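The values are calculated or read from the model by the stated rules, or taken from the named source; none is laboratory data. Because the structure is a prediction, the values reported are computed rather than measured. Note: ideal-geometry Cβ built from the backbone for every residue, glycine included; neighbour counts use all protein chains shown. Just the protein is used for accessible areas: all its heavy atoms, side chains included, with ligands, DNA and RNA removed. Shrake-Rupley method; radii C 1.70, N 1.55, O 1.52, S 1.80 Å.
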Amino acid sequence: MNVAPKTLRYLSDLEEAGLTLAEKRAALEKVAAQYAVAITPALAELIDRADPNDPMARQFVPDAAELKTRPEERADPIGDDAHSPVEGVVHRYPDRVLLKLTHVCAVYCRFCFRREMIGPAAAPLTPKQLDGALGYIAAHPEIWEVVLTGGDPLVLSARRLKQVMARLAAIAHVKVIRVHSRVPAADPARITPELVRALKAKGKATYVVLHANHARELTEVARQACARLVDAGIPMLSQSVLLAGVNDDPQTLGALMRALVECRVKPYYLHHGDLAPGTSHLRTSIERGQDLMRALRGRLSGLCQPTYVLDIPGGHGKSPIGPNYLSRDESGCARIEDFNGKLHRYPPAP
Ligand code: SF4
């Protein structure tokens, strides 16, 4: 009898799978005691055991470097708590809220900005807390969009998601429901026709935003999972995190953006790494991110251009962080830089 491969959750699983070494066990136990560990079979298969710098391993395999927390790093790097009026809701921007249904994920990313809040031990929203969260959304007519996040909402059953979508569909002023997930790539088999149907809410637009950081994540089965969503009329966008040693070179980043567009997933955000504790070995400089964005522009189709953003530490929201192609000369005339780095004048308004 064939036994289905299981998600790797313990250091003994990782050692058995050839992903970590027994001699590193003591340090990695300290990491695992602080930050959740899980690698799905679909992602474990993508890790090249022979490459000590494998980009998949850097994203998912715990590393002793995570034990080093820098002074500027913080437990809540994007300031969710400061904007949480009721349990499970983050209301940072006027017209949209985050609704965190679960703190569980299919896979635990080593750079996660919510790593202090997520994991299998974190309590899910209770029915009473969910009532409170939906009551808050219903009582605020300015809320046009609800972003289901977490954790990863697509680890929930189709039945549970259907119930939540039906309750959101009953709130007239909510027009758009956006689902943030890694599941289409991390565990593509979960994107069943039943789950896809559950994500459709009568009279509302559902978007699914896929988190993917390397083209290798978009395997044939992951592409089929995305196709099931898109073919059902659910538009897809992507968010990626700029990560040192994972995607911080123009070829790798460009290949990711092209792979996404080929899957009918429009690149939306490229996030600069957040100041999450124990993640400095995965962060790049902002200047590096801007250079990479310059390398994408012109060389790759406009469809492949995400917006490079930083979530300002402390809860001040996201801002685009360039690069900037507009400057002014001494006479106040605009200078626009083209994709080859050449400057061109544009006259002032008459
Ligand atoms: S899937 Fe998202 S919330 Fe979960 S560990 Fe990865 S980045 Fe964090």
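The 3J(HN,Hα) values that the Karplus relation (6.51, -1.76, 1.60; θ = phi - 60°) gives for the range 107-119 are, in residue order, 9, 10, 7, 6, 10, 4, 6, 10, 4, 7, 10, 9, x Hz. Gly and Pro appear as x.
Each peptide in 67-73, 29-35, 159-165 was scored by the mean count of other Cβ atoms within 10 Å over its residues; highest first, the order is 159-165, 29-35, 67-73. Working from label points 7 Å from Cα in the Cα-to-Cβ sense, the K6 to A123 distance is 2.8 nm. Dipole check for the range 71-193: with +1 at the C-beta of Lys and Arg, -1 at the C-beta of Asp and Glu, and the Cα centre as origin, the magnitude is about 520 Debye. Comparing the chain with the 2.2 N^0.38 Å rule of thumb, its C-alpha radius of gyration ratio is 1.03 (two decimals). Return the carbon/sulfur percentage of the accessible area of the chain, one whole number, probe 1.4 Å, all protein chains in place. Carbon and sulfur: 55 percent of the exposed surface of the chain.
The alpha carbon centroids of the range 7-69 and the range 165-190 are separated by 30 Å.
With K and R counted +1 and D and E -1, the other residues having a Cβ less than 14 Å from that of M117 yield a net charge of -3. For the pair A75 and K200, a Förster radius of 25 Å applied to the C-beta separation gives a FRET efficiency near 0.10, rounded to the nearest 0.05. Placing unit charges on each Cβ (+1 for Lys and Arg, -1 for Asp and Glu) gives the range 1-40 a dipole about its Cα centre, and among A4, I39, A26 the Cα reaching farthest toward its positive end belongs to I39.
Under the simplified labelling scheme, the S327-R297 pair shows an inter-label distance of 1.3 nm, with each label point 7 Å from Cα along Cα→Cβ.
Note on K100: aspartates and glutamates with a C-alpha under 16 Å away, same-chain residues under 8 apart excluded, are D76, D80, D81, E87, E116, D131, E145, D152. Oblate is the label for the range 288-347, because the ratio a/c of its alpha-carbon gyration tensor axes (a ≥ b ≥ c) is 1.5 or higher and a/b is not greater than b/c.
Among P77, V265, S285, whose Cα lies farthest out toward the positive end of the dipole of the chain, if unit charges sit on the beta carbon of Lys, Arg (+1) and Asp, Glu (-1)? The listed residue farthest towards the positive side: V265.
Length gained on full extension, W144 to K30: 36.8 nm, using 0.36 nm per residue less the C-alpha separation.
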